[in-house]
Amino acid sequence: MEIGMQIVKKCDGLPLAIKSIGGVLCTKGYSRGNWQAVLRSNVWSMDGLSKDVHHALYLSYEDLPPTLKQCFVFCSLFPEDFEFNKTNLIFMWLAEGFLQDKEDFWELGNEYYAELLLRNFLEDTYKYYNQEQCKMHDLLWSFARQLGKDENYVLREGQVLSGSEGSIKVRRLSIEGNEVNTKVIKKEKGLRTLLLYSKSEIALVDMCKASLNLRILDLSWSNSNFSSLPDSLGNLVHLRYLNVSNSKLGNIPNSIGNLRKLVYFSCSNCKELSYFPQRISNLRELRYLNFRDTKVEAVPMGLNNLEKLYDLYGFKPYKNSLEGFSSLDMLESLSQLISLWLEGLEIVSDRKIAQRANFVSKNQLQFLQLKYTSLSSEEQLSQTNERKMTTEDVLNELCPPCSLEGVTIEGYFGRCLPCWFNLGATLPNLRSLHISNCACFERLAPLGQLPNLNILRIKGAYSVVSVGEEFMQGDTKSKDPRAHAMSYPAIPAFPKLSELGFEGMPNWKEWQWNEGLIAMPKLKQLHIEACPELRSIPEGLLLHATSLQDLDVVGTDNLNSVENFSSIKDIRVVRNPILERISNLPGISYILIKECPNLKAVENLESLQRMEIIGDEMETLPEYLLTTMPQKLRIRCSEDLLLKIASKRESGSEWNRFKHISKVTIYSPDKSFYANYQKTPFSFTTNVKSVQMN
């Protein structure tokens, strides 16, 4: 181990993310002989490595299995600081042949992805709980580009593809920049991967005729103006990955049916696309199909032939299959689905069709998005009771399997959520739930019994007036005597919930949470926004959410105090017109106050480090500054107030309100004027002249 630590010390001077790569070697349990061999390795004296790449980095790379080396080097084709999508990356690895087990490629790809994250060759962006997005450190990115230079080429603005006459074999080409000569593509007969990050026009007809060995074609980041794909697309019989998203594409040729090896096809956000060719059903190897945010209202019959699909996004079921288009029950044979995004579900009026879709049997399904109409709240409420009941019946029949991890329901105008949410045993693996723009249900479902729910966001629940204890533990008014055998369940409600958000609930007045009901012991973030009628924070939240660290209170017109949170570290209060008091937050580190004109008391914040006040219309600094003692204070205020502070220097009432604070920065709304104050040693600097500012 001592020898191993010598290896780690050789990483001194590199960023922590890079040093930890070398550190992975130290956790492998190598014998002394192994470590001596590493230390004697000629890697430490290798020539040819660029100056900004430490030799220890190459040693860590050498420790990767050959398949992981390929996957890592492939990532160098993307632009610097690019944020990878895990799903897309795995499908590209599959298309390139890096995932040899084609039947279990998804599990294998996830293993490779997780291993590269573990070894810090890729870094999680921490935007998603399931590590769906990652990036690459700039040093690793440069290192990977150097390793792949014999077959991978990145053509940037103003560059020429030198050596393409035979001295190098370009297998993978990435084009960046707006002024790039894309004619080189036609010369590269052996090209297998083409990624376009350029606004340069590309002659798709010529490319499809010349690059017959192409396996990956990604035009989704190009902002190209092409409106159709050529018939010659069908010549690319080796093509496995095709992404034309975010384009002006309005036509897909029937020849796409020739691409029998295609596993990935995305045309999402193609706003002009309204038609799918019949021969799309020929793509029997397809695992990923995405056409969300298009005008495609109906998919031709044959969707049920795509039995290998893992991911389906944007499918709008036709009302029935009698007119030659795929209805909801066409999903019955798609038993391998992992992610499913359905749109326009309000068109389904027959619960038997929903039954035949047989969602509960899709044992690999993890993510489900159900999108209904985009009607406004008022339009949803005006739907007939019969139509609301039909909508409820259909959704009840779409009961998912217990494998489900994430659910989004949008625009649903039923009066209640489906019964399969009511029992935690039905969805034991559910971790994320988003409910938005569902105007008609007046009570929230009893979601507290979902044992692994981690994220819950409710937005646009227009009719909800009260959130009661039924939200936590079920119907407390049940006539069944068994419901009252215990006062409260032995297991806390929402036992693993860490993020909770309520937003856009204009009629929500009361949040009932009795102090005897234990719930949300692991809640870390609470976001309340645009809930103007909410009057108070419940006592139970104060007592039992003892892990709560981040609190946002935005747009609550009737809330007059926020106090007595023992664990809060960061708090943001914005646009709360009658808020008067913020107090007794002993663990607070940061506070942001914006547009709270009646706030009078900010006190008992013993641990406060940073405070930020935003009030572009403020005429004077708030008096509560006299009772706060942050280490740093930032104030954004009007130019007039800033002039007043700067001109009077150490005299005047404004100075008295902040002179006891160690460091203060005051700036105008457009940041063109500023003043900086430091208590010890005293200094005051400003670019404000003692004249009225315009």
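What follows is calculated from the coordinates using simple rules that are stated; it is not laboratory data. On a predicted model such as this, the values are computed, not experimentally measured, just so you know. For neighbour counting, all protein chains shown are included, and Cβ atoms are generated from backbone atoms with ideal geometry for every residue, glycine included.
Listing for the model above:
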quantity	calculated
Amide H contacts of Y318 (H built 1.01 Å from N, under 5 Å, at least 5 apart or other chain)	V299, S326, S327, L328
Residue-by-residue Karplus 3J(HN,Hα) for the stretch 245-254, coefficients 6.51, -1.76, 1.60, Hz, glycine and proline x	5, 6, 10, 8, 4, x, 8, 10, x, 5
Protection proxy ranking of 274-286, 435-447 - average other beta-carbon atoms within 10 Å, highest first	435-447, 274-286
Point-to-point label distance, E378-Q131, nm (Cα→Cβ direction, 7 Å offset)	4.9
Inter-probe distance in nm under a simple model that places probes 7 Å from Cα toward Cβ, at V465 and R610	4.3
J(HN,Hα) series, the stretch 678-684, from Karplus relation 6.51 cos²θ - 1.76 cosθ + 1.60, nearest Hz, glycine and proline x	10, 6, 9, x, 4, 7, 9
Pairwise label distance in nanometres, N88 with D138, each label 7 Å out on the Cα-Cβ vector	2.2
24 Å Cα-Cα threshold exceeded, pairs from K135/K594; K127/K524; K569/K594; K209/K308	K135/K594; K209/K308
Principal axis dimensions, the stretch 297-439 - Cα atoms, whole angstrom, descending	41, 39, 22
21 Å Cα-Cα threshold exceeded, pairs from K149/K169; K295/K319; K149/K189	none
Dipole of the stretch 628-694, positive direction: furthest Cα of G652, P681, L633, with charges on the beta-carbon	P681
Förster-model FRET efficiency, 35 Å R0, E580 and L117, C-beta, rounded to 0.05	0.15
Amide H contacts under 5 Å for R572, placed H, 5+ residues apart	L551, D552, V553, L592
Computed log₁₀ I(q)/I(0) - Debye formula, equal Cα scatterers, no solvent, the stretch 547-694, q 0.16 Å⁻¹	-0.84
Taking all pairs of distinct alpha-carbon atoms in the stretch 390-450, Kirkwood radius in angstrom	11.9
Dimensions (Å) - the stretch 286-359, Cα atoms, principal axes, largest first	28, 26, 19
Spherically averaged projected area in nm², based on the convex hull that wraps the Cα atoms of the stretch 628-694	4.2
Protection-proxy order for peptides 653-664, 512-523, each taking the mean of Cβ atoms within 10 Å per residue, highest first	512-523, 653-664
